[in-house]
Amino acid sequence: MLIIGGGPAGLSAAIELGKLGIQSLLVDDKYRLGGKLVLQTHRFFGSISTVYAGTRGIDIAVRLEHELAKYPSVNVWLRSTVLAVFSDKKVGILRDGKQYMLVIPRCCWLHRAPRESLAFQGNTLPGVYGAGAFQTLVNRDLVKPCERLFIIGGGNVGLIAGTMPFQAGSA
């Protein structure tokens, strides 16, 4: 089993496969597992039992990574990029940015990160960010993207992005 993407969905799939003892390979292009969870510095909302309410996303990523480590049937390749899926069902992977590998999985699951679509006039101008992109710049890349901030959006990511400048002391 090949799992492409080490975010929450990929980690969860790998854990479930590990529980069943199914030989699997989890591939992610980042240096650590967790995907968007590692950008979530806020405490999650909702139910404690189903969505880790009260826990920061980065801590959820660590919990899932520790749980995954219990299952020797799951191998993890970090800093590795899936480059191609060929018609003969081989998958080309650049492992650790150095070695090109071909794997032949019995099954392949793709767990890609969500993408924001901002469709309005001016959405490609410098300084216009979706809440998720803003979160990535601030929490992962440690970039202060602007002096003045105006956020348009809704949902928990928009709300959290709006509080981030205050938490960082720059509002």
message: Given an 8 Å cut-off on Cα distances and at least 6 residues of separation, report the relative contact order of the chain as a percent.
response: 21 percent
- request: Given the options L37, L11, L137, state which has the largest fluctuation in a GNM of the chain using a 10 Å cut-off (strictly under) for Cα springs.
  value: L137
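Expressed as a whole percentage, what fraction of the accessible surface of the chain belongs to carbon and sulfur atoms when a 1.4 Å probe is rolled over the protein heavy atoms?
Working: 6090 of 10720 Å².
Using a 1.4 Å probe with all protein chains present, the chain comes out at 57 percent carbon and sulfur.
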statement: Expected unfolding gain across Q99-L125 under the 0.36 nm per residue rule, minus the alpha-carbon gap, is 5.6 nm
statement: The local net charge around L102, scoring Lys/Arg +1 and Asp/Glu -1 for residues other than L102 whose Cβ lies under 14 Å from its Cβ, equals +2
field: 222 nm mean residue ellipticity, helices alone, for the chain (DSSP H n ≥ 4; -39,500 (n - 2.57); rounded to 500)
entry: -7500 deg cm²/dmol
query: Where does each of 81-89, 25-33, 138-146 land if you order them by average Cβ count within 10 Å, highest first?
result: 25-33, 138-146, 81-89
field: Long pairs among K30/K98; K30/K90; K70/K90; K19/K98; K19/K90; K36/K144, criterion Cα-Cα beyond 24 Å
entry: K70/K90; K19/K98; K19/K90
query: In the chain, with Lys and Arg counted as +1 and Asp and Glu as -1 at Cβ, which of these residues, I60, L26, T136, has the Cα nearest the positive end of the dipole, that is, farthest along it?
result: L26
message: Can you compute log10 of I(q)/I(0) for the chain with the Debye formula, treating each Cα as one identical point scatterer, at q = 0.16 Å⁻¹?
response: -1.01
- line: Bounding extents of segment 70-113 in its principal axis frame from Cα atoms, largest first in Å, are 34, 25, 22
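The values are calculated or read from the model by the stated rules, or taken from the named source; none is laboratory data. Because the structure is predicted, anything quoted here is derived from the model rather than measured. No Cβ is skipped: glycine too gets one built from the backbone with ideal geometry, and neighbour counts run over all protein chains shown. When the accessible area is computed, the model is the full protein with side chains, heavy atoms only, and any ligands, DNA or RNA have been set aside. Shrake-Rupley method; radii C 1.70, N 1.55, O 1.52, S 1.80 Å.
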